[in-house]
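Structure first, then comments.
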Amino acid sequence: MLMRSWAFLQSVTAQTPAATSEGASPGGLNPLFFLVIMFGVMYFFLIRPQQTKDRKRRAMLSALSKGDHVITNGGMCGTIVGLNDKTVVLKVSDNPLTKIEFVRGAVSQVTVEESS
């Protein structure tokens, strides 16, 4: 798509009359201006939302505590019974008692367990 836009801009500038005697570009369009605009658009639509999402995820991982009900990236649901800087231990079953250790980054979301 970027190549089509660039080709269109080149065809538009090629069809304009010759440059004025001052040496300015025809139509006053500078390709560098369009590159700056494209970078700005990409920043606000791609880079900035990803940074916000990463910031929220880091905050969620740092706020984990014992007793939180979580879901891992693999779909395992459990309750945190132990944690340190790099790992969390989840209790996934009561009968038989099953505990599994995961890397802290494997936690995808904290859920709210509904009381019966």
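Laboratory data are not the source of any read-out in this text; all were calculated from the coordinates shown. A quick note: this is a predicted structure, and the numbers were derived from the prediction, not measured. Ideal geometry is used to build each Cβ from the backbone, glycine not excepted, and the neighbour counts take in all protein chains shown.
Miscellaneous remarks
- Residues Leu97, Leu83, Leu35, sorted so that the one with the fewest Cβ neighbours within 10 Å comes first: Leu97, Leu35, Leu83
- In this structure, the amide hydrogen of Ser108, modeled 1.01 Å from its nitrogen in the peptide plane, lies closer than 5 angstrom to those of Ile71, Thr72, Asn73, counting only residues at least 5 positions away or on a different chain.
- Tensor-based shape of region 69-111 (alpha-carbon gyration tensor, a/c under 1.5 rounded, otherwise prolate or oblate): oblate
- Taking packing as the residue-averaged number of other Cβ atoms within 10 angstrom, the listed peptides 66-72, 39-45 run from highest to lowest as 66-72, 39-45.
- Charge tally for Val81 (other residues, Cβ to Cβ under 9 Å; Lys, Arg +1; Asp, Glu -1): +3.
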